[in-house]
Amino acid sequence: MRSNILFSALLTALLVACTTVPSSFVPSASTDHIRRDVDYLASAELAGRDTGSEGYRKAAQYVAQQFERMGLAPAGEQGFFQEVPFRRASWDNTEPSLVLKGSNSETTFTFGEEFIAAPSAVNERSSLEADLVFVGYGIEALDYGLNDYANLDVKGKIAVILSGRPDSLPSEVGAHYASSRNKRETAARNGAVGYITLYTPEREKRRPFARYAEHRHDDTFDWVNRKGKPGSATPGLHPGAMLNSDAAGKLFVGAQRSLQGVFEDMENGKNPKGFALPYRAELNTNSKHEAITSPNVVAVLPGSDPLLKDEYVVFSAHLDHIGKKDDGQIYYGAQDNAAGIAVMLETARLFIESGQSPRRSLLFVAVTGEEKGLLGSDYFAEYPTVPLQSIVANINLDMPMLLYPFRDIIAFGAEHSSLGQIAKHAASRSGLKLSPDPMPEEVIFVRSDHYNFVRRGVPSIYLITGREAQDPDIDGTAMQVAFLQESYHKPGDAPDAGINYVAAKQFTEVNYLIAREVADAEGKPSWYGGDFFGDLFGQD
Ligand SMILES: [Zn+2]
């Protein structure tokens, strides 16, 4: 009896060792490691890690050093680094000019009051005069019954485009179609040579044009492709401008409808139709270009499975933040995104400490230029250091909101691919719930680095902590909202203010479990059938 019990206990232990342990054993994340990484990355010495700055470069060296210390292999282009060439365009003490020309009238709009424009990263000098055609929202979404360019001739002309989108489009789909990239590409595809965007009353309510105009002297950043062209450039299209709604009304005086009538259509949920406008516009811009480089930092943990090791699960987190302002005030970017980097580093350490190599290979990518418009990740996704077809998933970490020990996590993008089910399963193994997106109106799915992988067909999720605190006296929603309002992109997002390291540990461990499941599963993640993004961008 006794020996039988011993034997069966031994057998059980053996079975556990052979089967259960590799999949359910979660190594313990170290709050000391995470704290040390956040403290350094968000320190005054790194001065807010602005893209292209010395502080950013120190941060990149630190991440490379950590990768090396934990035994990861370099997977950049020069060791751990992938230098991203950027172009900075600035107005250089000049201002753009925009003149509206009627058959016997000319109206010069005031820069910064009636119109704004961003310095072009494509051409230092640009001069365009052409006829104007109003194209409604400027969206072609045939599956949704929208074709704003139907029956309009915009060849060689300037498309005049309403900002935003009709309510008939679901929010994430709409965010895709309403993105300035998509609207520019649609205009160019239809033969337009320029574009003017109109600020609508609806947008004015959310963010006044005047506040937007405060940024009129900001530089433009873009990455430069291997042909020397800016990555976000739309071939064939001149730089554009944005008009406030009062100035915009002048383009419609004498046209077949007034802008007021168009705005009323919008208010009534109708999709305004386009028509030719009785004016030409002349837009001149003069910007100065400067070349800058700033590295992505890339490491690999090779997979153990003879076949699956050629597939990669990519972790991404942005290493840059917004630097310091002219008055010397440093924006430390502790939650945004020293925390995401620290969690990614500790997740890598957990894989190594587990003693169990993942079956698929894991790629850890710290990207630059996120705050300039998701640029470093776009460059990496355009020039990945492993074949794009071998990237089976992206897990993105950006401002994880490590504010309190939590009961749930949020995976933006969970409803688009099987990564959602994996995240849910892994979360439940950590005793956590997967909660739905608490702010769908913010369309986060198209707003962080993972979207550059999505646009190239890779199923992706972006993880943050949920809003249910373990402590019933803590209102998680209130704390997250307060962080967003009071500290996000402000000097208050500092390491000594508000990072909860118990939450950091929890978050790292659930990340580990999610990545572990993705990396070890028999099949790779897939887009759900009929998913908009899967159908639009999917590789299979
Ligand atoms: Zn940010």
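The values are calculated or read from the model by the stated rules, or taken from the named source; none is laboratory data. These figures come from a predicted structure and were not determined experimentally. A quick note on method: Cβ atoms are made from the backbone with ideal geometry, for glycine too, and the neighbour counts reach across all protein chains shown. Side chains included, ligands, DNA and RNA excluded: accessible areas come from the protein's heavy atoms. Shrake-Rupley method; radii C 1.70, N 1.55, O 1.52, S 1.80 Å.
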Take GLY303 and tell me if it is more than 26 Å from MET399 (Cβ to Cβ) and assigned by TED's automatic domain parsing to the domain that holds VAL458.
yes
For LEU307, state whether it is more than 16 Å from the ligand (Cβ to nearest atom) and without any contact (Cβ under 8 Å) to a residue 60 or more places away in the chain.
yes
How many of the residues in region 310-327 are within 11 Å of the ligand (Cβ to nearest atom) and open to solvent by 10 Å² or more (accessible area, probe 1.4 Å)?
1
So ILE409, is it in contact (Cβ under 8 Å) with a residue 12 or more places away in the chain and touching a Leu at 6+ places or on another chain (Cβ under 9 Å)
yes
Out of ILE330, ILE341, ILE292, report the one residue that is modelled with pLDDT of 95 or more, open to solvent by less than 30 Å² (accessible area, probe 1.4 Å) and more than 16 Å from the ligand (Cβ to nearest atom).
ILE292
Looking at this structure, is ARG349 basic (Lys, Arg), out of contact with any Pro (no Cβ under 9 Å at 6 or more places or on another chain), buried (at least 18 other Cβ atoms within 10 Å of the Cβ) and at pLDDT 95 or above?
no
Listed residues GLY476, GLY523, GLY498; which is within 16 Å of the ligand (Cβ to nearest atom) and of a type outside the set (Val, Ile, Thr)?
GLY498
Residue match in region 361-381 (condition: over 30 Å from GLY228 (Cβ atoms) and either polar (S, T, N, Q) or within 13 Å of the ligand (Cβ to nearest atom) (or both)):
yes
From the option list THR51, THR31, single residue qualifying as in the same structural domain as ILE330 (by TED's automatic domain parsing), modelled with pLDDT of 95 or more, of a type in the set (Val, Ile, Thr) and over 28 Å from ALA426 (Cβ atoms) is THR51
Among the strands (runs of 3 or more DSSP E) confined wholly to region 40-113, which include 3 or more residues that are without any contact (Cβ under 8 Å) to a residue 60 or more places away in the chain, surrounded by 16 or more Cβ atoms within 10 Å (Cβ to Cβ) and aromatic (Phe, Trp, Tyr)?
none
From SER168, SER180, residue being open to solvent by 70 Å² or more (accessible area, probe 1.4 Å), of a type in the set (Ser, Thr, Tyr) and within 26 Å of PHE109 (Cα to Cα)
SER180
Filter region 418-455 down to the residues that are within 18 Å of the chain's Cα centre (by Cα) and polar (S, T, N, Q) and list them by number.
SER448, ASN452
Just for region 352-369: of the residues that are open to solvent by 10 Å² or more (accessible area, probe 1.4 Å) and charged (D, E, K, R), which one is farthest from TYR312 (Cα to Cα)?
GLU353
If a residue counts only when it is of a type in the set (A, V, I, L, M, F, W, C) and in contact with a Leu (Cβ under 8 Å, 6 or more places away or on another chain), which helices (runs of 4 or more DSSP H) contained entirely in region 455-540 have at least 3 such residues?
501-520
In region 183-204, what residues are in a helix (DSSP H, G or I) and at pLDDT 95 or above?
LYS183, ARG184, GLU185, THR186, ALA187, ALA188, ARG189
Failed item, numbered, when LYS424 is tested on (1) closer than 23 Å to ASP336 by Cβ; (2) in contact with a Lys or Arg (Cβ under 9 Å, 6 or more places away or on another chain)
(1)
Contact list, first residue from region 386-400 and in the same structural domain as ILE464 (by TED's automatic domain parsing) and more than 10 Å from VAL314 (Cα to Cα), second anywhere and acidic (Asp, Glu) and within 16 Å of the ligand (Cβ to nearest atom), beta-carbon distance below 7 Å, six or more apart or interchain, is ASP398/ASP449; MET399/ASP336
Every residue in region 125-152 that is without any contact (Cβ under 8 Å) to a residue 24 or more places away in the chain and in a loop (DSSP other than H, G, I, E, B), please.
GLY145, ALA150, ASN151
